[in-house]
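The values are calculated or read from the model by the stated rules, or taken from the named source; none is laboratory data. As the structure is a prediction and not an experimental result, all values here were calculated from the model. Positions of Cβ are backbone-derived with ideal geometry, glycine not excepted, and every protein chain shown enters the neighbour counts. Protein only, heavy atoms only, side chains kept; ligands, DNA and RNA dropped before computing areas. Shrake-Rupley method; radii C 1.70, N 1.55, O 1.52, S 1.80 Å.
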Amino acid sequence: MEHSGISRGTRTLVIVVAITALLVALHSLFSQLSAPDVYDADDTEIAVSPGDRFSVRLTDDPGGYRWIIAEPRPDPAVLKATGGHLATGGPPPAGPARYLAFQAVRPGRTDLRLLRCRRCGPGAADEAGARSLNFRVTVG
């Protein structure tokens, strides 16, 4: 019998490590392909993993109000905004919902402040009807 210089134990360890790496890669791929998590206005603590995508669902208010990411903006090294959309035809009494989408970038913690405003310019937080929501996002 010819020996390649690698012991049976080492060969088994290499195979186990390779299978583990494959499983981790598949889990990561399936996590990104699956639907993102959706958080509501009362979910003030959000915990996600690097690379995860998630949305914050907000009731869309009539009367010309819209939701924006307010100052101070989240740490871009931890959290990145990726867009949003309006889902119409929701069941009463909720009605239409606005989804703001995000992607976790790297481990860390940041605050996400959302503001409902009409003009949404300087001083928007002080305008009549303005409302703010605060979330603590932990990427780990």
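Do we have residue 119 as closer than 20 Å to residue 37 by Cβ, open to solvent by 60 Å² or more (accessible area, probe 1.4 Å) and assigned to a loop (DSSP other than H, G, I, E, B) here? No, not satisfied. Of the residues making up segment 74-114, those that are over 17 Å from residue 53 (Cα atoms) and at pLDDT below 95 number 12. Counting only residues that are at pLDDT below 90 and among the small types (Gly, Ala, Ser), which one in segment 18-63 is surrounded by the fewest Cβ atoms within 10 Å (Cβ to Cβ)? Here the answer is 63. Once segment 64-73 is narrowed to residues that are open to solvent by less than 90 Å² (accessible area, probe 1.4 Å) and at negative phi, the residue that is modelled with the lowest pLDDT is 65. Screening residue 129 with (1) surrounded by 12 or more Cβ atoms within 10 Å (Cβ to Cβ); (2) at pLDDT 85 or above gives one miss only, at (1). When you check residue 84 against the structure, is it closer than 17 Å to residue 37 by Cβ and touching a helix residue (DSSP H, G or I) at 6+ places or on another chain (Cβ under 7 Å), yes or no? No, not satisfied. If you go through segment 85-105 one residue at a time, do you hit one that is of a type in the set (D, E, K, R), in contact with a Leu (Cβ under 9 Å, 6 or more places away or on another chain) and open to solvent by 60 Å² or more (accessible area, probe 1.4 Å)? Checked segment 85-105: at least one residue is of a type in the set (D, E, K, R), in contact with a Leu (Cβ under 9 Å, 6 or more places away or on another chain) and open to solvent by 60 Å² or more (accessible area, probe 1.4 Å).
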